[in-house]
Each structure stands twice: as structure tokens, then as C-alpha cells.
Protein chains: 2
Amino acid sequence: MKISQRAHNITPFYVMEVGKAAAELGAQVADSDQPMVYLNIGEPDFTAPPLVQEAAARAIHKGQSQYTPALGLTALRERISHWYRQRYALDIAPERIVVTAGASAALQLACLALIEAGDEMLMPDPSYPCNRHFVSAADGRAVLLPTSAATRFQLDAEQVRQAWGPRTRGVLLASPSNPTGSSIAPEVLRDIHAFVQARGGITLVDEIYLPLSFDARYGGTALALDENVISINSFSKYFNMTGWRLGWMVLPPALVPVIERLAQNLFICPSAIAQHAALACFEPESLVVYEQRRSAFAARRDFFVPALQSAGLDVPVVPDGAFYVWADCSKACERLGVQGSWDFAYEVMRRAHVAITPGRDFGNANTAQFVRFSTASSMDALATAAQRLTTLLT
Amino acid sequence: MKISQRAHNITPFYVMEVGKAAAELGAQVADSDQPMVYLNIGEPDFTAPPLVQEAAARAIHKGQSQYTPALGLTALRERISHWYRQRYALDIAPERIVVTAGASAALQLACLALIEAGDEMLMPDPSYPCNRHFVSAADGRAVLLPTSAATRFQLDAEQVRQAWGPRTRGVLLASPSNPTGSSIAPEVLRDIHAFVQARGGITLVDEIYLPLSFDARYGGTALALDENVISINSFSKYFNMTGWRLGWMVLPPALVPVIERLAQNLFICPSAIAQHAALACFEPESLVVYEQRRSAFAARRDFFVPALQSAGLDVPVVPDGAFYVWADCSKACERLGVQGSWDFAYEVMRRAHVAITPGRDFGNANTAQFVRFSTASSMDALATAAQRLTTLLT
């Protein structure tokens, strides 16, 4: 059966292959004295807190499970608006907030609404592979621009200026980023956005990890710049609702009716159950839980980054948010006598029973030199992993 | 802000405008002796039965709310497979069954995987407006072919043959159809599929209303033809889980890895909660409830179609499934002195306080002559509506 060119362009995750191998070996060694430690998964090890669970169960039993408005429940859009005021001291009108079936649906809607076939979007390399594929799904082309530790693995304005061509439609940034856990400096973002605006382009910022920020310098939202920024958000990460599939985006006012039309037709609405549950995310009791968990993620980073460095893995940019560490394994590869991060990841998995993600999925810029560790695991698991890595590598 | 051509092509539902007007007037007359009867909504008036609700609550409290595999929980794919065996005496391997975020995500994935920019899909006129927009989202073009009561408002093979051109990629049928509630005759479907296969095209059949079939002649699935048919399905209608956003599709085996890649990237996975809940849809106790509800829908049709006919609204094809009646209002328009179904719907809403959907959304083929009634309301509501229509129109 003939498939579309678009479908050819959307490549599978290598991480799935590695994950599968890890799960298989993991099953074999489950009862050994060295069971697999999974640091390859980009999913919080927490589930939705009690009030959120109760709100969902209540909605289900009350039959609040019919279709909702395409843009989401008004009450939820209002709570998100309130949260921006509370957390970021920012006035975002509820009308600009569109609730979606995860950040996935938000990115899909934004790309379908804005990208013409052949349009190009500039993105940092490394970056989360799905993000390029939302561009591909809209028949656009993701142009990956190599970054380095010098710019916190983020783009800078000069790079955007040089790369901007006749078909460039905008930039798609992520801050904090997956896989690096590092954020764009606010003044760099400001300069990029000013340039993009001057060219009539789009600034799309994936902020799904933003509330999991550990550093006030990088903890602000891009929405503070002006109302032309499009911000993509999720209930999956900070709010620990991965499998519920809920997110939101904040749009320039003129774009709201366009996205409403697309959302009505292509999604009908986001999950009613998840929306009723999400209302409870913003209760003071839930926010206390979320802040405790954010502190736990920060503490893990504080423990794990120095531990990796002691084991001979360089961390050129200390993550300021999210739950990832982007580690340079060049020296460790030499030590183990392997070539590149792909083989390194397999070697670590086989010899230390620690599952990690090689850089390949995230781009081409020195990604054979890097691996991603997820710290969405307990401190015990991280301590075990650190100790095994030290034994293996030093 | 410049939006894509694709976004321009995706037009809003008129039904939303009518629905809004109905809701506004409805609020005004809510306490009168003639409150609004809403027969404009395409959503079952039932919610998920008890076992399904309990399964969802249990999953939530057990924290079974992480990401699932992109193609859905293996257990759910197996239960759907078993259901095909039980209900349709058909062997559909679980590996061909892909669980999706509603029929919406299924149609989106199928169109993105198979339709190249500029490709055409043949569809009956009238048909559900979203279906054409999934084609538009993939930069394809929906070609609406006019139908009439003579073919049950479905395509026939000769029509497909004549319309087939160099850019035609396939057909997108719906059986039973929204807005007509009528299904395609199995021998007609067989001939269309044979022709489409001979041209190397795609037969995509929206079967979301299929389990709500009232007539054995039309109650079979297109999947019985061969494994090249793509069937789109939903937990919304028969299974009463609209706002949960869950559906599935059955694919030719070769297409499964392609759709998996797209689904991984564009959706991550369908709602974990909804999937755990849906497992309980197939419990004998739930199936008994669903069959009772199907009987209730059949009884409503049996009451309402003759009632409309007595009121002077012709129903040229008696629906054999779903919960819609597609009624010819030409004579009634004359009687009220209005021109066409749009004005007729407003007149009925204002004078009889019965909200209905004018044909305009569903296509161009005599749709100014037709209105859609939804029978997804209680028998009492239908009796009230019938009586008011009789008073107004006779």
C-alpha cells in the first residue's frame, strides 16, 4: 500500500528500540542482585495527587463525560489564567487559552494552522524528536541548527538571522529542553522573538517543562514578551498526568477562532474526564504536592549531576529544570573502548544494568557524543545507578 | 497572522451557530410551559454504564495512568478482536487493531498516512462535515458526489467509476451515515471496494454507528470483505463514551507499523484512563446494557419516523441504524411560507421550541431541502417534539 511522503518523513524513535532491549534484558535480570535501573523514560514517576484522582472519579460517577466545548471547559481555561497570574504575575485572558489533548494536539493544531507545505521551521539540535514531526505532519520541514554548551544547547538570535531563508516560517524552541534540561536565557529569547516578529514569523515555545524549573533566572514564561508568542503546555510533566492526555496552549487572540475551527473538526474536544480532573490541579492542596515534587526533582539533580561527573561523565550545562541530564560520554567511551553514545548506552545497559538513551534520536549535532539520563526515578534508583556507573567507568 | 491554506479550507460548522441560537432561546424559555426540546445534538443521552465507570475509577486510584503503548493496551486490542468474533463471526487479529483518541484520531492518522497533497477522496453528499476536513488536514481534497434516496444516500460503484480521476486516492464512506442513519447495501459496498482495489485505491469506511444497527441486512462490517478495508470505529456512540475520546481502527497488516510511527509521534498514546475503562465495555453485564440501549434507539426510530411523516415531513429512507432521521421539509416549508431548510430550522426552533439541524453542513446535494433530527433524546422528548411539529405543520 502506497503511503504518503509525509509518513515516510516521520521516522521512528530509536529510543523505542533501546527501550525494548532494556525491557527484555530487564526481565531477564529482574530477580538477580542487579536488577535493571531504568533512567531512559521521560515520564514522571509520580501519579496525579489525591484531589485530582477524586475529581476525576466524581466527574465519572456524575456522568460529566459528554463532549465539552472544543477549546475546553471555561472553568479550566479560567483556572489556568489564574495560575499565570499567581505563578508568573502575568495577565493571560482565558480566551487566549486553548485546552488540548496533550501538548501533542496543541503542537499539531498550531502546525496545521500556520505551516504551509514546504515551509521551514528553525529548531535547536538537539531537541525532542516529536517536535520536528509535527512540522513534517503539516508538510513543513524542520531545519535543525547545531547548538553547543556555549548557548545552553539553545538557539541564539544571530544563528536564527543567518539561517532565515525565503521559506522560513518561524522558530520552534523548547525551554527547558528535552533532552538537555537547559533553558534559553530570557534576553536571548527576547532577541530571537524580536527578529522573528520583524520577519513576520512565528515564535512557538514548548514550555511543557517550565513549571519544573529550579532556577529563577530561567523560570519565566515566554508569554511575558508579548501576545504574539505561542506557548505549548502540558498537564503531563509538572502536573503528573501523562496518560490522561491533557495540555493547553496560549495563542495570539487572532489565532483563537482559527484553532477553534480546526479543533472542532479534528479533535471534537479534549477528554472531559481529564479536564474535570485537571480543575483540581490548581487547588492549594494539590499545588503543595506539586511543589514538593518539584523540590524532589531539584534534589535529584543536585545529587545526580555531581555523581555523574565523579564517574567520568561530563555535564557541560547543569540542567536548570525538567528531569533530564545531557551528559558527554566521550571520555567514558574511550575508557570502555566503544565508539559513540549508541554503543556506550548498550554497554552500560549490559554491564551495569542501567538503561539510558543515546543521543541519536535528538539530532545530529555531536549527538554521538551524548547520552540522556532521566532523573524521573527515586533517589535510591539514582544512587544505585551512580554507584554502578562509578564502578564501571572509574 | 498569516494562516495556512489548509486552515482556510477547514470551514466552521453551521450547526454550531444553530446550536448556539437554540441554547440562547432555550435559556429564555426554560421556565415557560414550552421549554426547548433539543433534537440537534449528535450525542447519545446515555453515559457509560456502571462497570465502565468503576473500571475507570479503579484505574485512576491504582495509578494506571501512565503512557500506554502508542497502539493501545494489548488487552484492549484483544478484547476488541474477541468482540469481532463474537458479534460479527469475524477473525480480526489484535495486531490489526489500533486504539486511538476517538474516531477523530483514527481518521487523522489514516489520512496523514495515505493522502498526498492534492489527492482526492470521493465521498457521498450528504455526509458528516468533519470527515471531509480530515482529508483537508492532509492537504487532500474531498470530492462530494451527490446521492439520493434511490441509493440510500450512499455512493454506488458506477458513480465511483465515473468520478475516478488521475488524482483520486480512494473513497471515504460512512455506514450507517450521519446525517441519514442509512447504510450502504453490502453488495454495493462489495462492488465499490472491488473497483477501488483494482485501481490501487483505499476503501475507508467510517463504522462508528455500526453497532447501533437495527436491521440485519445492513448490520455487517465492511471488514468481512477482505483485509484491505480500513474501518474507523468509536467508543462514543454505541458504547456511550463520547467525552472520553476513545476509538479504534482496523488496518491492513502492512499499514500497522506506519500508523504506529505516526501515532507515537503525533499522539504518544490514547488516554490510559479511557482505555482501562473501555476494557469493561466488553463484560457481559455491560453488553446487556448496551443492547438494551440499542433497542431503545430502535424503538425511538419506530415511533418518531411515522410521527414526522404524519406531521408532513417526508422521510425518504427509513434509517436502519444510528440516531438520526434525515427528513425532507419541502412541503413543510411551503406550508410555513419559508424558503429552504435553514430558515425552516429557525422557524421550528422559534415557533415550536424544537432545535434541529438544517442540511447545509452536510453537503450541497439538495441539502436545502433536508433537516436532520437526532433521536438521542428520551421518548418523552420525542413525543413532545412530534406533537408540537404536528400542531405547527398540519
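The values are calculated or read from the model by the stated rules, or taken from the named source; none is laboratory data. Computed from a predicted model, the values in this text were never measured in an experiment. Here the Cβ positions follow ideal geometry from the backbone for every residue, glycine too, while neighbour counts run over all protein chains shown. The protein model used for the area step is the full one, side chains on, heavy atoms only, and it has no ligands, DNA or RNA in it. Shrake-Rupley method; radii C 1.70, N 1.55, O 1.52, S 1.80 Å.
Couple of notes before you dig in:
- Counting from the shortest, the label point at residue B:149, 7 Å from Cα toward Cβ, is 7.9 nm from the same position in each remaining copy.
- When chain B is treated as a GNM with alpha-carbon contacts under 10 Å, the residue of B:274, B:55, B:150 showing the greatest mean-square fluctuation is B:150.
- Charge dipole (region A:294-333, unit charges on Cβ, about Cα centre) - positive-most of A:327, A:315, A:299: A:299
- The length gained on full extension between residue A:185 and residue A:85, counted as 0.36 nm times the residue separation minus their Cα-Cα distance, comes to 33.8 nm.
- Chain A: mean projected area of Cα convex hull, nm²: 20.2 nm²
- Applying D = kT/(6 pi eta Rh) to region B:118-208, where Rh is the Kirkwood radius over alpha-carbon pairs, T corresponds to 4 °C and eta to 1.567 mPa s, the Stokes-Einstein value obtained is 101 µm²/s.
- For residue A:30, label point 7 Å along C-beta direction: distances to other copies, nm: 5.4
- For the chain pair A and B, the buried solvent-accessible surface (1.4 Å probe, both sides summed) amounts to about 5700 Å².
- Local net charge near residue A:165, Cβ-Cβ under 13 Å (Lys/Arg +1, Asp/Glu -1): +3
- Span-rule helices in chain B, defined as complete DSSP H runs reaching 24 Å or more along the axis (Cα) with Kyte mean at least -0.5: B:284-310
- Using only side-chain charges placed at the Cβ, +1 for Lys and Arg and -1 for Asp and Glu, the dipole size of the protein assembly as shown relative to its Cα centre rounds to 280 debye.
- When the helices of chain B are scored as -39500 (n - 2.57) per DSSP H run of n ≥ 4 and the total is divided over every residue, the value at 222 nm lands at -13500 deg cm²/dmol.
- For chain A, a Gaussian network of Cα nodes joined below 10 Å ranks A:277, A:222, A:21 by mean-square fluctuation, and the top entry is A:21.
- Taking all pairs of distinct alpha-carbon atoms in region A:1-102, Kirkwood radius in angstrom: 18.8 Å
- Chain A, relative contact order in percent, only Cα pairs under 8 angstrom and at least six apart counted: 23 percent
- Within region A:159-282: Cβ-based charge dipole about Cα centre, in debye rounded to nearest 20 (Lys, Arg +1; Asp, Glu -1): 320 debye
- Two-decimal Rg to Rh for region A:184-224 - Kirkwood Rh, Cα set: 1.00
- Three-way shape label, region B:61-215, alpha-carbon gyration tensor, a/c 1.5: prolate
- For residue A:197 and residue A:292, the difference between the fully extended length at 0.36 nm per residue and the C-alpha to C-alpha distance is 30.4 nm.
- Neighbours of residue B:218 by Cβ distance under 12 Å: Lys/Arg scored +1, Asp/Glu scored -1, total -2.
- Counting only trypsin sites (Lys or Arg not before Pro) that DSSP places in a loop and that have at most 15 other Cβ atoms within 10 Å, the longest clean stretch of chain A runs over A:200-394.
- Inter-label distance for residue B:383 and residue B:117, nm, one decimal - labels placed 7 Å from Cα along Cα-to-Cβ: 5.9 nm
- With q set to 0.09, 0.15, 0.19 Å⁻¹, the log10 of I(q)/I(0) for region A:205-324, from the Debye formula over equal scatterers at the Cα positions, is -0.34, -0.84, -1.15.
- Comparing mean-square fluctuations of B:196, B:143, B:29 from a GNM of chain B with C-alpha springs under 10 Å, the top value falls on B:29.
- Taking the DSSP beta bridges with both ends in chain A, the antiparallel portion is around 45 percent.
- The fraction of accessible area contributed by carbon and sulfur in chain B is 51 percent, rounded to a whole number (1.4 Å probe; ligands and nucleic acids excluded).
- At most 16 other Cβ within 10 Å, DSSP loop - chymotrypsin sites (Phe, Trp or Tyr not before Pro), region B:193-227: none
- Modelled this way, with points 7 Å down the Cα-to-C-beta line, the labels at residue A:350 and residue B:8 are 5.7 nm from one another.
- Net +/- balance of residues flanking residue A:230 in space, Cβ distance below 13 Å, scoring K and R +1, D and E -1: -2
- Accessible surface, region B:136-237, averaged per residue in Å² (probe 1.4 Å): 33 Å²
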